[in-house]
Every structure is written in structure tokens, then in C-alpha cells.
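So that we are looking at the same thing, I have put the structure below in C-alpha cells.
The values are calculated or read from the model by the stated rules, or taken from the named source; none is laboratory data. Predicted model, so just to flag it, every value in this text is computed and none were measured. Cβ sites come from the backbone with ideal geometry, for glycine too, and all protein chains shown count toward neighbours.
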Amino acid sequence: MVIKGGEVIFNTVHLPESWKLSTYVANGGYAALRKILSEKTSAETIIAEVKKSALRGRGGAGFPTGLKWSFMPRHFDGDKYLVCNSDEGEPGTFKDRDIMQLNPHALIEGMAIAAYTLGTRRGYNYIHGEIWETYERMEAAVEEAKAAGFLGDNICGTDFSFHLFNHHGYGAYICGEETALLESIEGKKGQPRFKPPFPASFGLYGKPTTINNTETFASIPYIIREGGQKFLELGKPNNGGTKLFSVSGHVNRPGNFEVPMGTPFAELLEMAGGIRDGHTFKACIPGGSSTPVLPAEIMMQCTMDYDSIAKAGSALGAGSVIIMDETVCMVKALERLSYFYFEESCGQCTPCREGTGWLYRVIHRIEHGQGRPEDLDLLSDVAHNIGGRTICGLGDAAAMPVQAMLKHYRHEFEHHIEHGKCMV
Ligand code: SF4
């Protein structure tokens, strides 16, 4: 798998043992943390810098990070928590795993800076359950940071203390939903909570909590070291910085690529070696399986940033780009996606629990030559009645791919129903 280095997070991945503290420090690591501690930089100043950078949450939602940090109550007399969501479990996502494998100290330093800013003394890094080596790599990195005085009590000889714990999940996709993740850390069944209240006021153990994605935290040291303006200028307005794109599917060189926000999709595709030999580009899921599919001709006009992909009718999500060539049957592809959401629904609310199963069964029968003419309207109706009627976003995530597939590839579904087989 290809790893393409960039300026912010993968800047040292070409070096031997890039994950070691010595490599990180030799390349400017922990300078940002030392600076804010020695200068006693105010929380307001740090939050203003993060706002200026236009860093948006890299876990999928794209919410402005500086704004999220400003929601944390400043003068709260009690425990507050910081949580990193490293539970990437959506089909197509694999960037956070490589950040933790190749540059774990960027995440640790980013969390320490956030903890100082938000006034938290304890943080958790929730790691997806199926990646044991990554968990062990993070454990080793936390131990290195503690031994060097970058974590624990009296960091860098100051009165700032921050204790960071890696928490290994058990592999449930729904634990990537922030409130399910909090329940899981608390030792309960990983099921989403009703919101409001939001985690900023009622989070881990009912205390104010800020949750960010791995890539988001790992971008923070650069912003503090080099300035929010420089980070912003790496990308484009409202879409600051670089972004890791995980390119998978029918390309010659799948992998993780750190490129500036706003890079033309065509360039990213070229970096990934183009469509596998002798085939043509058919469609792309631009941000992970929950984001709507886009046909090749639309995708080739896009730049890789939140605004361009949204304008095209999809979402940048976590930047997990799934490429499909002309051999892909969209009915089969949707059957697989629908099965995933059916399997991963936590079952708490009726539209999701029943609706995801209903979607899967209808698509399954179309795929297997038993579709009925009325099935396409039925799919639209069920998807419509899931969307916006559930506790968390999994219901929407299951419904949106169905609506997008029917919008762009309805003729393939009609062919399946009429002829009982694929048209590709
Ligand atoms: Fe659970 Fe689905 Fe409801 Fe989310 S939408 S709470 S996954 S049943």
C-alpha cells in the first residue's frame, strides 16, 4: 500500500522508525507544546489560532475544530475530559490507523495541547478493536512520552498535568459514533445517546467532554508551531490545511495520500496510479461508505474539499475514496453496503433497526433475480422514512447510499428486475 507524505502529518513517514519519539523530536516535535507552556499562552489565543486555520473535523462531519473547542465550559468546577475518536470502522476508511502507526506522537502532542487549552487533565484515545498492532504502537508511544515528561504530572516542569490512556474497543462500527464511544469507555453497551445534551456539557461520566478525530488532533502541533494562517494557506478558504485521503478499490496503487485541501480529484487519482489497467472509471464513493456515490464524469470535475464535494451532491466524509470501474454492478455494490448497515445497526430505534433490514432484503432479492417492479419505489420510500428519524447518523448513513444509487444508476436496478441479471 502506498503512503504519500505531506507537510503536516506524514512529514516524517519516509524516515526510518518514524514513530519513535527521537525521530519526532528531531523534526520539530513537541516544540509547539513546549512553546505554549513556556509562554503560558492563553486558551483564547490558542482557540483563535485554530479558528484561523479553518481546520475542520477530519472524522467525517467537517465541523470547525476551533468552534467546537470554544463550546467547552471554561470555568467548570469539576472533571472535564478529552477524547480522541480513533475508532475508524467504516468501509473505505484506513487513515487514522496509519497516523497512529507512523506518527503517534503528533496525535499525543495534539491531545496535550488541546488538554492544556480546554483545561482537562485526563484523556482517552479510543482505538478500533480490530487493530492490535496499532494499539500496541500507541501504548509504546504513550510510555515514551511519559518517560520524556510530555505526558503525566508537571509536563515540561510546569504545573500542567495530563494523563492519556489508550482504550481498545471491540470492533463495533457504532462505537465510532461519539456518544456510543463514550458509553463504551464507561464500560456499557456501545449505543448512541439522545442528543441534546451534547458531550460538551454532558459527555464522559456525565462531565463536559471534547471529542475530536485522530487526524484532527494530529494537525494541531503544526498549527501551533507554524501558525493558523500558514495551515489555512496550505488548503483553501473554509477548507484549511492538508488532508489524508485513503484511496481504495480499482486503482493501480491504493493507499493513503496527504495532499492540500482543494487538490483536483483527477490529480489524486493519478497519484493512486489511475484506474487499474485496461479499465474505465465508472463511479466513486468520495468519503467512506456512508457518503453518496458520484458518477465518474461528476467526480472528475471536483476538487477534494468539503465544499466542492458537497456541491456535487455528496460529502467529503473522512476522505475515504472508493473507486469503482466499469465491471462493478451497482446492485451488487449496494447489496453489500446495505448488509453492512443492517449488521451494524445497534437496534435501539425502530426506523434504523427495521429499515436497514428491509432495505437489505429488497436489494438482495433484486440482486438475485427476484425483484418486483414496485421495489424501486419501495426502496425510496423506506430510505426516505429512515432518514432524519433516528437517534444517530447510522440511519442516515444507510439511507443515503440507496437514494444516490437510485438517482444515478436506476437503469441498472430496472435491468436487474426486468431480466433477472446484471447489465455489466
Ligand atoms: Fe442504533 Fe441505528 Fe438508532 Fe443509531 S440509528 S441509535 S445505530 S438503531
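List every residue pair whose Cβ atoms sit under 9 Å apart, with the two residues 6 or more apart in sequence or on different chains, where the first one lies in the stretch 269-280 and is in the same structural domain as C302 (by TED's automatic domain parsing) and of a type in the set (S, T, N, Q) and the second, anywhere, is assigned to a loop (DSSP other than H, G, I, E, B) and surrounded by fewer than 15 Cβ atoms within 10 Å (Cβ to Cβ).
T280/E326
Would you tally the residues in the stretch 166-192 being assigned to a loop (DSSP other than H, G, I, E, B) and either surrounded by fewer than 19 Cβ atoms within 10 Å (Cβ to Cβ) or within 14 Å of the ligand (Cβ to nearest atom) (or both)?
11
Would you say V424 is more than 30 Å from G241 (Cα to Cα), among the β-branched types (V, I, T), surrounded by fewer than 16 Cβ atoms within 10 Å (Cβ to Cβ) and at pLDDT below 95?
It is true that V424 is more than 30 Å from G241 (Cα to Cα), among the β-branched types (V, I, T), surrounded by fewer than 16 Cβ atoms within 10 Å (Cβ to Cβ) and at pLDDT below 95.
Give the stretch 362-374 a look and list any residue that's surrounded by fewer than 18 Cβ atoms within 10 Å (Cβ to Cβ) and under 17 Å from M400 (Cα atoms), or say none.
Once the filter is applied, which keeps residues that are surrounded by fewer than 18 Cβ atoms within 10 Å (Cβ to Cβ) and under 17 Å from M400 (Cα atoms), the stretch 362-374 yields nothing.
Moving on. G369 passes all but one of (1) on the phi < 0 side of the Ramachandran plot; (2) away from the ligand (no atom under 15 Å from the Cβ); (3) modelled with pLDDT of 90 or more; (4) not in a helix (DSSP H, G or I); which number fails?
Among (1) on the phi < 0 side of the Ramachandran plot; (2) away from the ligand (no atom under 15 Å from the Cβ); (3) modelled with pLDDT of 90 or more; (4) not in a helix (DSSP H, G or I), the lone unmet condition for G369 is (1).
Considering only residues of the stretch 386-412 that are within 13 Å of the ligand (Cβ to nearest atom) and surrounded by fewer than 21 Cβ atoms within 10 Å (Cβ to Cβ), which is nearest to the chain's Cα centre (by Cα)?
G393
Condition first: without any contact (Cβ under 8 Å) to a residue 40 or more places away in the chain, closer than 19 Å to E133 by Cβ and either in contact with a Cys (Cβ under 9 Å, 6 or more places away or on another chain) or among the polar types (S, T, N, Q) (or both). Now tell me which residues in the stretch 10-26 satisfy that.
The one that is without any contact (Cβ under 8 Å) to a residue 40 or more places away in the chain, closer than 19 Å to E133 by Cβ and either in contact with a Cys (Cβ under 9 Å, 6 or more places away or on another chain) or among the polar types (S, T, N, Q) (or both): T23.
Return only the number of the condition from (1) closer than 25 Å to F245 by Cβ; (2) in contact with a strand residue (DSSP E or B) (Cβ under 7 Å, 6 or more places away or on another chain); (3) at pLDDT below 95; (4) buried (at least 22 other Cβ atoms within 10 Å of the Cβ) that F63 does not satisfy.
Only one criterion in (1) closer than 25 Å to F245 by Cβ; (2) in contact with a strand residue (DSSP E or B) (Cβ under 7 Å, 6 or more places away or on another chain); (3) at pLDDT below 95; (4) buried (at least 22 other Cβ atoms within 10 Å of the Cβ) is unmet by F63, namely (4).
What are the pairs with Cβ atoms under 6 angstrom where one residue, in the stretch 386-397, is in contact (Cβ under 8 Å) with a residue 24 or more places away in the chain and the other, located anywhere, is among the acidic types (D, E) and within 8 Å of the ligand (Cβ to nearest atom)? Sequence gap at least six, or different chains.
As it stands, the answer is C392/E177, since those pairs meet every condition given.
How about the stretch 283-320: which of its residues are part of a helix (DSSP H, G or I) and either among the hydrophobic types (A, V, I, L, M, F, W, C) or in contact (Cβ under 8 Å) with a residue 24 or more places away in the chain (or both)?
Of all residues in the stretch 283-320, those part of a helix (DSSP H, G or I) come to 296-299, 306-311.
Within the stretch 283-320, A296, I298, M299, Y306, D307, S308, I309, A310 meet the criteria.
If you don't mind, there's one more thing I want to ask. Exactly one of these conditions fails for S308: (1) within 16 Å of the ligand (Cβ to nearest atom); (2) within 30 Å of H279 (Cβ to Cβ); (3) hydroxyl-bearing (S, T, Y). Give me its number.
(1)
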